[in-house]
Each structure stands twice: as structure tokens, then as C-alpha cells.
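Colleague: Here you go, one structure.
Values in this text are rule-based calculations from the coordinates and carry no lab data. On a predicted model such as this, the values are computed, not experimentally measured, just so you know. Here the Cβ positions follow ideal geometry from the backbone for every residue, glycine too, while neighbour counts run over all protein chains shown.
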Amino acid sequence: MADQQDLFLVARLNKLAQGLVPRNLSEALDLLSYCLLNKDMSPNEKHTIKLSASHILCFSGPTATVFARYFDKQSPNIRILFEQAKSHSTYFSTVTGLSEEVRNSIQNLIETTTEELPLRLKIAEKKLQLLEGGHHKSEEMQALDVIEYLVLMMRIKEQRHSTELAFYRVTAHIMDIILSNSS
């Protein structure tokens, strides 16, 4: 009896999803989650479903291609919304707590590339400039330290299973960097 109810619910969900035409990004992400559930998922698709079910868009890394393929097949209105979200994803103009100079510097750095090695090289070059200029305790150096650490952690995270404690360690280290110059 329970198996029949489960099959009935699955059939009903399938019928609802077939008629769904997303009107916004949230509905499009729900439909993406449904589409991924109904196939044999690759590891990147498994990560994508976790994000899409939480209504999170990712524009870099291995899940970005899954999102891009899906949104390329959507209506023009949904594609426009996706592209608008993508174009605003790395802007630091709304970040509070950083000076405008540092925000612009970080924005320029991130706009150059999202690939790990070139980004790490750009970070290293900028940090070398700051160190040679005697600005080793500057706000910009702290921001670069945090970004460099996050880039490294993203690569390491892909190589192992992350626990809540692992995420805490990352967050604690970032807080150590941010608070290192405080009294």
C-alpha cells in the first residue's frame, strides 16, 4: 500500500513538473532540481542539485557548467535573469567594511580570471607589491589573505568530504586573518 502511494506521488510530481514553466529564477532552480533528480547524476550534478534546491546559483567552479547548460535551454526571460545575476555575482560594490579603494582593487583582481592558478598568481603579485611597499598590515593585504585562503580551500574541499567542523576551521582561520591587526 505504501509503495502504491509513493508511486502515485511520483507520478503526480512528474505531471506537475511537465507543465511547469518557470516565471523567475527560484522556479527555474526548482525545476533544475527536479530534472537532476530524474537522471543518473555526475558528481558535479550532485553538487548542483544541493545548490539549486537551496536556490543558490554558482557561477564558477565545476557546477557552473551544469547551471549554464540548464539555463541555456530556458526561455529568453529566464536566460536574461540568469545573465543579470551572473553579471552581478562578483561585484564588491555592496560589500561593507572595506574602503572603496580596497573594494575596487579586489574587484579588478577577480575580474581578471576565475581560474585557480592565474588568480593565485595575481594575488601573489599584488601581495608582493604591498610587502615591498611596507603595507604588510594593510586592509588590502588582509583582504588578499582571505581571498587566497578561500581559493586554496575551494580546491582542498573538492578533494575531501567536508564536515561541519571543517567549515568551522575555515571560518575561524578567516576570522583570525581579519582580526589579526586589532588590539
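Colleague: How much net charge surrounds E111 when only other residues with a Cβ under 14 Å from its Cβ are counted (Lys, Arg +1; Asp, Glu -1)?
Modeller: That sum, taken over residues with Cβ under 14 Å, equals +3.
Colleague: Evaluate the charge dipole of segment 100-179 about its Cα centre and quote only its size in Debye, nearest 20, assuming +1 on the Cβ of each Lys and Arg and -1 on the Cβ of each Asp and Glu.
Modeller: Result for segment 100-179 is approximately 280 debye, rounded to the nearest 20.
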